[in-house]
1. For B:Ser101, A:Ser44, B:Ser351, write out the residues from largest to smallest accessible area, computed with a 1.4 angstrom probe and no ligands counted.
2. From the phi of every residue in the range A:97-111, what ³J(HN,Hα) in whole Hz does the Karplus formula 6.51 cos²θ - 1.76 cosθ + 1.60 yield, where θ is phi - 60° and glycine or proline is x?
3. So for the range A:101-241, what are the equivalent ellipsoid semi-axes in whole Å, largest first, each being the square root of 5 times an eigenvalue of the Cα gyration tensor?
4. What number does chain A give for Rg over Rh if you use C-alpha atoms and the Kirkwood radius?
5. Normalised by the residues of the range B:57-251, what does the relative contact order come to in percent, with Cα pairs under 8 Å and at least six apart?
6. Taking H as built 1.01 Å from N, whose amide H comes closer than 5 Å to the amide H of B:Ala97, not counting residues under 5 places away?
7. In deg cm²/dmol, rounded to 500, what helix-only [θ] at 222 nm does the protein assembly as shown give when every DSSP H run of at least 4 residues adds -39500 (n - 2.57) and the total is split over its residues?
8. Out of the DSSP beta bridges found with both residues in chain A, what percent are antiparallel (nearest 5)?
Amino acid sequence: MNNTVIDVHNISRVYNPDTIPVYAVNNVHLHLQRGEFTALVGPSGSGKTTLLNMIGGLDKPDAGTIIINGMNITELSPRELVDFRLHNIGFVFQSYNLIPVLTAKENVEFIMLLQGKSKQERDQRVQQLFKEIGMEDKLNVRPAQLSSGQQQRVAVARALASKPQFILADEPTANLDSKSAANLLDIMALLNADENITFLFSTHDQRVINRARRVITLVDGKIASDTAAVDISQPHKFETV
Amino acid sequence: MKWLAKLAWKNIWRNRNRTIITMASVFFAVILSVLANSLQTGTFDNLVKNVVSFYTGYLQVHKAGYWNEQILDNSFEVSASTKQKILSQQNIRAVAARLESFALASSADVTKGCLVAGIDAEEENNVTGLKQKLIAGSYLQAADAGVLLAQGLADRLQLKVNDTIVLIAKGYHGATAAGKYAVKGILKFGSPDLNDKALLMALVTAQDFYGAPGMVTSYVLSLNETKSLQATATTVQQALGSNYEIMTWEQLMPDIKQHIKADADSMRYVLGVLYMLICFGVFSTLLMMMVERKYEMGMLVAIGMHKRLMMLLLLIESLLTVLAGCVLGILTSVPIVYIMQKYPIRLSGESAKAYERFGFEAIFPTSTDASIFISQGLIVLVIGSVLSLYPVYKVFRLHPVTAMKR
Ligand SMILES: Nc1ncnc2c1ncn2[C@@H]1O[C@H](COP(=O)(O)OP(=O)(O)O)[C@@H](O)[C@H]1O
Ligand SMILES: [Mg+2]
């Protein structure tokens, strides 16, 4: 059985092609297997966000194809892409992931409402996820009353609530102190193990990088190194933060 | 979809001040436009009522062609059945027959042209409330031999009650008419023109004077419901046939109609400015909101919310806000308008005297016509709804990646 979830074929993204072209992503080729826990690293401006946006169906490559779970998403219309994202991808952004007027629980429920899930299913999933992120006592609290770390944990719970193929997280720890960052990574790693959910997250924080099982390094829009390319069969060894 | 409505409701109150500003602009716009309109309509209705009841009546029936050539030869025979036919029409309250013509009036030393109106004393009082205009002497009896003089005319001729006046005129079919009458009473008309010219006598006396027995020049009609003026004119015309001409007060007094129209036009500019003000008020808050929520909307589309759902959400939010302002505005303006009708704005001092000289009470009542509330409410609602399309348009143009860039 083919276990490739993300299949990126030689994609490129050029900004300002007519004036001073910027090759934000330059001929990137990449595969991710189900259950991977992968960090996309690289200095600011190296193209991490651009690459994640294209994989997430938020942006289109100027060249190349992206195949998610066997489907070529570069051919989808914007409207089809919305449905695609809703059912296949969980997103965690750097900050402001949550709707401020809704409680933590309602924010997680929101995505399942978009999916048309039943009340029973929603309640069950919410209970389970809040247990996993260790925030059962914060169900009815608004985002403003939560710390940044707690907000990001709720964002991860929401990303998971839709039962996506994989989760894309663009610098999820950039606004967190090191303790909260470690805590968020713990939870992500736990969910990765428990639910066998694929994570692809970008970061330039070395302590976060150390927690990843695979590290893809981007420099000037190109893959400079990929630990999976070195040895994918090696058992994962944890480094301490 | 209940959750969407709930979310809309929560979003409405996420920035309470902003929502209150939006609602308040709509609220005050509705109140001001309703008030301006109802004051204008009420004042005009009052003006028309005054002017019309002075003398002209809401409708007049003449022999066809009389208005273009107002001579006795264009009179017609008074007929109880015609009168009955008119009265049997819906909306006709009363009918008064008149024989109107001109005469030279002389006292001992002065001679002056005057307008002679032969009237049915009772009918005339029903239609124009003539008795109330009496300031000296007594009112006419059915076949009274005396006459009533307008105050200005009496002054010019230096006549008082019980003095004698001599009239000379061209009678019916070219005959010469002459007569001598006792002044029975003095009338004060609001219209300066009438006040300087009018002389009233019993219809039979006038018919006798002009040598036109049984003839009248017009029926003056008063209505129950003054708004359906044109429709009533049409039904009367149909009932009487083409031998008669039916004229509305608007045709009989085109200058007043013109004045009202000019005033209504200038009110339209005032309202236009008012509507512009709400536009700015509402639009600026919508603009603020869209800037504030741009990132969030980009994020929601990114995670899988369809734009059409988000448009619906924003539409519900802004429409609810505008609608609430509108409904509150109407609910508040209703009692204000009713109170201002009951206790109208009343001028005092010099300007009040100016009005009173023309026979008006110096008051400006409001009109409680329901159509004013409905039309102004709807106009503001439509403006608000059109403005509500701005967020919808912004969502339509939204690109999640761009929206989430900071
Ligand atoms: N909308 C854009 N227009 C022009 N250049 C852009 C745009 N977005 C990103 N870039 C450029 O593309 C490159 C990669 O950006 P980005 O993907 O945001 O990098 P990272 O997320 O690694 O910081 C940078 O040089 C950036 O300046
Ligand atoms: Mg970035």
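The values are calculated or read from the model by the stated rules, or taken from the named source; none is laboratory data. What you see is a predicted model; the values in this text were computed from it and never measured. Heads up, the Cβs are rebuilt from the backbone with ideal geometry, glycines too, and the neighbour counts pull from every protein chain shown. We work out accessible area using only protein heavy atoms, side chains counted, and drop any ligands, DNA or RNA first. Shrake-Rupley method; radii C 1.70, N 1.55, O 1.52, S 1.80 Å.
1. Per-residue accessible area, sorted high to low, gives A:Ser44, B:Ser351, B:Ser101.
2. 7, 10, 7, x, 8, 9, 6, 3, 4, 5, 5, 6, 5, 3, 5
3. Working: eigenvalues 168, 57, 38 Å².
In descending order the semi-axes read 29, 17, 14 Å.
4. Numbers: Rg = 17.6 Å, Rh = 18.3 Å.
Radius of gyration over Kirkwood radius for chain A works out to 0.96.
5. Values: 449 pairs, mean separation 68.8, N = 195.
RCO, the range B:57-251: 35 percent.
6. B:Asp120, B:Val220
7. On the way: 22 runs with 310 residues, N = 647.
About -15500 deg cm²/dmol.
8. Numbers: 19 of 37 bridges.
Once the DSSP bridges in chain A are tallied, antiparallel ones form about 50 percent.
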